[in-house]
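Undergrad: I am attaching a structure below and will ask some questions about it afterwards.
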Amino acid sequence: MDSSSTWYSLPVHRDRVISRFPKWYRPEACQQFKDDFHSQVKRACQEQQTRAVGLKMSKVVVVGDLYVGKTCLINRFCKDVFDRDYKATIGVDFEIEKFEIAGIPYNLQIWDTAGQEKFKCIASAYYRGAEVIIIAFDLADIQTLEHTKQWLEDALKENEQGLSSIFLVGSKKDLVSQAECERIESDAIKIASEMQAEYWSMSSKTGENVREFFFRVAALAFEASILKELEKNDVPTAKIGGGDTIRMDRTTAEHSGNGTNSTINCC
Ligand SMILES: Nc1nc2c(ncn2[C@@H]2O[C@H](COP(=O)(O)OP(=O)(O)OP(=O)(O)O)[C@@H](O)[C@H]2O)c(=O)[nH]1
Ligand SMILES: [Mg+2]
């Protein structure tokens, strides 16, 4: 059996089953203020009419300054570990996470990119086809928040505007007081709304909000994928039941299932 079929044949872990729509972090910092799946999506899942979504892998790209904690965030969610020692990402890595959402199998390919300037050339080559862009900054280092707009701009150069869901993440919540966190959050939420991003604060050290965040990412990406699939074969109508609008795009996501984890180095 080759590595591409190995990850696929693994069963979905009990801890990756999402049956209820995951909530936002702060209502004023979320782009999709609703507490259930889209009616069309629910119907498609109940009738097992989700077409290729169960076979699909959605691409998530995590970007941000060096040392903000991107690798730790992914490792906390995917492996439930935290490493105090800094090991810079050289180029890019990825992890594949298998979910079951509303009874349908679904996979996220989570790309961890290097924040160091000298590796940017290679990391940016992997931004393309991102269904989700996560921009991370360090709550204990305000300068890293100032750089987030540039990271988003770079990621969007490789992706069509409006087609990727965007999340702004403040990391290392354990390093700041509650009062400090709230002060930084109010600035971050303003930036997030300019970016049309959903905002979250979290800590990879304590694990606070990490699982909740990735569940929210998975559920929103899953919903967007199903709507895209349904729209492919349907008459192109902009409005559907309940007055919800389906986005009318035709882009196909990049598929690259060559293992559960890989490192690509550069320069
Ligand atoms: N206290 C605390 N430290 C953290 C947290 N997340 C990451 N760190 C530490 O911050 C340092 C950098 O973390 P990484 O995850 O390697 O940072 P990165 O963004 O992947 O860095 P590059 O790969 O160079 O882009 C490490 O020493 C981590 O232990 C956190 O939530 N709390
Ligand atoms: Mg890293």
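Each value in this text was obtained by applying a stated rule to the coordinates, not by laboratory testing. Nothing here was measured: the structure is a model prediction, and the numbers come from that model. FYI the Cβ positions are ideal-geometry reconstructions off the backbone, even for glycines, and counts take in every protein chain you see.
Undergrad: Which three numbers, in whole Å and largest first, are the semi-axes of the equivalent ellipsoid of the stretch 60-106 derived from its Cα gyration tensor as √(5λ)?
TA: Square roots of five times the eigenvalues give 25, 12, 8 Å.
Undergrad: Cross-link candidates for Lys56: which lysines have Cα within less than 28 Å, leaving aside residues fewer than 8 places away along the same chain?
TA: Within reach: Lys23, Lys34, Lys42, Lys70, Lys79, Lys98, Lys120, Lys157, Lys228, Lys232, Lys239.
Undergrad: Provide the percentage of antiparallel DSSP beta bridges, counting only those with both residues in the stretch 83-232; round to the nearest 5.
TA: Among the beta bridges of the stretch 83-232, antiparallel pairing accounts for roughly 50 percent.
Undergrad: Further question: Enumerate by residue number the GluC sites (Glu not before Pro) in the stretch 31-115 meeting two conditions: DSSP loop (anything except H, G, I, E, B), and at most 13 other Cβ atoms within 10 Å of the site's Cβ.
TA: Glu47
Undergrad: Sticking with this structure for a sec: Could you tell me whether the stretch 69-185 comes out rounded, prolate or oblate from its Cα gyration tensor? Rule is a ≥ b ≥ c as square roots of the eigenvalues, rounded for a/c under 1.5, then prolate if a/b exceeds b/c, otherwise oblate.
TA: In terms of gyration-tensor shape, rounded.
Undergrad: While we're looking at this one, here's another question. Students often check this: by mean Cβ neighbours within 10 Å, which of 73-79, 146-152 ranks highest, and how do the rest follow?
TA: 73-79, 146-152
Undergrad: Counting other C-beta atoms within 10 Å, and keeping those with at most 16, which DSSP coil chymotrypsin sites (Phe, Trp or Tyr not before Pro) do you find in the stretch 152-234? Display every interim value, and only then the final one.
TA: Values: sites: Phe167, Tyr199, Trp200, Phe213, Phe214, Phe215, Phe222; in loops: none.
Passing both the DSSP loop test and the Cβ count: no residue.
Undergrad: How much length is gained on full extension from Leu66 to Lys190, taking 0.36 nm per residue of separation minus their Cα-Cα distance?
TA: Fully extending the segment from Leu66 to Lys190 adds 42.4 nm.
Undergrad: Another question, then. Taking R0 as 45 Å, what FRET efficiency do you get between Phe82 and Gln161 from their Cβ-Cβ distance, rounded to the nearest 0.05?
TA: It comes out at approximately 0.80.
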